[in-house]
1. What's the local net charge at residue 482, with K and R +1, D and E -1, over the other residues with C-beta under 12 Å away?
2. Binning at 5 angstrom from zero up to the longest distance, how are the C-alpha pair distances of region 155-207 distributed in percent?
3. Around residue 91, under 12 Å between beta carbons, what's the net of Lys plus Arg minus Asp minus Glu among the other residues?
4. Can you pull the three principal axis extents for the Cα set of region 299-349, in Å, largest first?
5. Taking all pairs of different Cα atoms in region 14-141, averaging 1/r and flipping that mean, what Kirkwood radius in angstroms comes out?
6. All other residues with a Cβ under 11 Å from the Cβ of residue 18 taken together, and with Lys, Arg as +1 and Asp, Glu as -1, what is their net charge?
7. What size of dipole, in debye to the nearest 20, comes out for region 487-558 about its Cα centre when the only charges are +1 on Lys and Arg C-beta atoms and -1 on Asp and Glu C-beta atoms?
8. Based on Cβ point charges of +1 for Lys and Arg and -1 for Asp and Glu, what charge dipole magnitude is obtained for the chain about its Cα centre, in debye rounded to the nearest 20?
Amino acid sequence: MKFTNQKVVNWLDEWIALMQPERSVILDDSQETRDQLVSALMERGTLRALNPDLRPGSYLACSDPRDVARLESRTLICSHSEEDAGPTNNWRDPAETREMMRGFYKGSMVGRTMYVIPFSMGEVGSPFALYGIEITDSAYVALSMMTMATVGEEVLKAIDASGSFVPAVHSVGYPLAGREDIAWPCNPEDTYIVHFPETREIWSYGSGYGGNALLGKKCLALRIASVAARDDGWLAEHMLILKLTSPKNEVYYVTGAFPSACGKTNLAMLVPTRPGWKAETVGDDIAWLRRGEDGRLWAVNPEMGFFGVAPGTSVKTNPVAMATIAKNTIFTNCALTADGDIWWEGMTEEVPEGLTDWQGKPYTGDGPAAHPNARFTVSIYEAPNLAPERDGVPISAILFGGRRSTLVPLVTEARSWEHGVFLGSVMASETTAAAEGAVGRVRRDPFAMLPFCGYNMADYFGHWLSMAEEDPQALPKIYLVNWFRRGADGRFVWPGYGENVRVLSWIIDRLEGRVEGIDTPLGRIPKVKDLDVDGLELGDDAFDHLFSMNVNELKEEVESIREHYARFGDHLPKGLAAELEEFERAVHADS
Ligand code: GTP
Ligand code: SPV
Ligand code: MN
């Protein structure tokens, strides 16, 4: 395999000259290449093979304890003007940042191999695919990219023919020649994940973890794609895509935008607890949405793998995920059992004897055995419930959700597209371990895109509004969901997981006009009789705990949204300012 396109060749030459790898290899998608990467990683101590009788074809990687999650404070949007990055992104001057990064990259691959990975997000040959070439010195990243994206000769040919690709540069950093003892090379002090939206380039340095390093995922398919989507009239979103078949045999496709570690993978892999329902997974993290000729919004999952949160995953909560990761899976930062399998908090009630924690120490019960952001990397084709549709599905409903202990009801229906965009733009959630920083702090995370929007967030709100300029009736209905309300005892009131089908069932009843809702300041909630809670042990006043809105809290929410919106200045669309006024009026009318 070889590139002949001069633009690609020149680009590669330039980076080889700067980073000075000992050799460079273009990655194909063969088993042989996979095996070679695995051997190299086992030799270095990055991967260890799990017990093949218990977890065939699977490996455990334990990272440097300083490199365990996305680094939002080190993620930069380097547009020419600061305003184009908006108030929610870290902006830096592009020229200065290029200079700083070139300094880091200089000689960073001396004595090592540069992997050149032609990859496609979306089906190769589809007019909607985005191609990239990631160059990296991490075999772990190369192996993970082979699972998460389409890689290999077919992509190479498509790129070579068109010369069109997103250059994606990655190095874990510092000259490592002769340092084969470092199992997880990284360079936390100098880590930056840089995006140049105008020229559609990605430069990442210093981290080998997930979204910082697998550049097809958050960097390309969300941050760069969101800019392409703005320019070309579509949406690149942090969303799961679920196919749902009702007992009446009606098929619905639903997307859901929940912040990191707030339940996308779990809803995408839903096992309905109610008779007659069937659920299949289309995607668990990213959706690209476009208006079809029929006016409807159609969604594709541009990824080929799952990079899912491990803790909390069990046969009870997510049997589909457990089946998906039964073999051929790379685990990162999980605990190791005495018999060579993996374990994490929540997998079983009892903690197995003889665990080794994610840092390789005998587990003593002090702190978690697996890192809270421990993950599995596995092909979508390992999922037993994968929907066959890969080239676009028409969306009936969009869910927005997050972790809110109070205030936000289990489910609320937006009154219109504009109202739905308002609800998306003010979404908030308690922070999780998926990014650095404190956990459990409520922060606004519009559309679950706070860390992933590649341009001015308020302009992005405007772009969402603009989707309704034509044929708004054909667009999906929008719902706010919250599986995470807590009762007086501090526990989750709603059982969640497979039981979430009960909420989806109400949503479908609404779509079909079979039931009415009750108007509240936030939108329409179900009537008690219409939400199927048969057989659930919810305790007294559960409906109250799931749906009540405290007036004082609503008033605080109005003020807090006002502050949130004030950050956007003139960029805030007028339509959303009007929605906020309307919300405030409703809150005061209610009190
Ligand atoms: P990213 O991959 O970071 O984008 O996360 P995600 O949105 O796919 O989150 P995921 O489905 O992996 O869930 C994260 C955590 O939330 C896991 O520990 C789950 O067990 C937990 N979780 C998911 N769904 C539910 C639910 O319905 N109820 C409760 N209580 N917890 C849930
Ligand atoms: C997230 O944090 O939303 C993820 C994991 O899906 S990562 O790929 O690291 O961004
Ligand atoms: Mn995600």
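Here, each number is a calculation from the coordinates, and none is a lab measurement. Everything numeric here is computed off the predicted structure, so don't read it as measured data. Reconstructed Cβ throughout: ideal geometry from the backbone, glycine too, with neighbour counts over all protein chains shown.
1. Values: positive: 403, 404, 485, 486; negative: 430.
Spelling it out: positives minus negatives among the neighbours equals +3.
2. Calculated over all Cα pairs of region 155-207, the distribution is 5, 17, 19, 16, 15, 12, 12, 5, 0 percent.
3. Numbers: positive: 92; negative: 82, 83, 84, 93, 96.
After counting each charged neighbour, the total is -4.
4. 42, 21, 16
5. 17.9 Å
6. 0
7. Details: 8 positive and 16 negative charges, 50 e Å.
Computed charge dipole of region 487-558: roughly 240 debye.
8. Details: 56 positive and 84 negative charges, 71 e Å.
Taking the Cα centre of the chain as origin, the dipole is about 340 debye.
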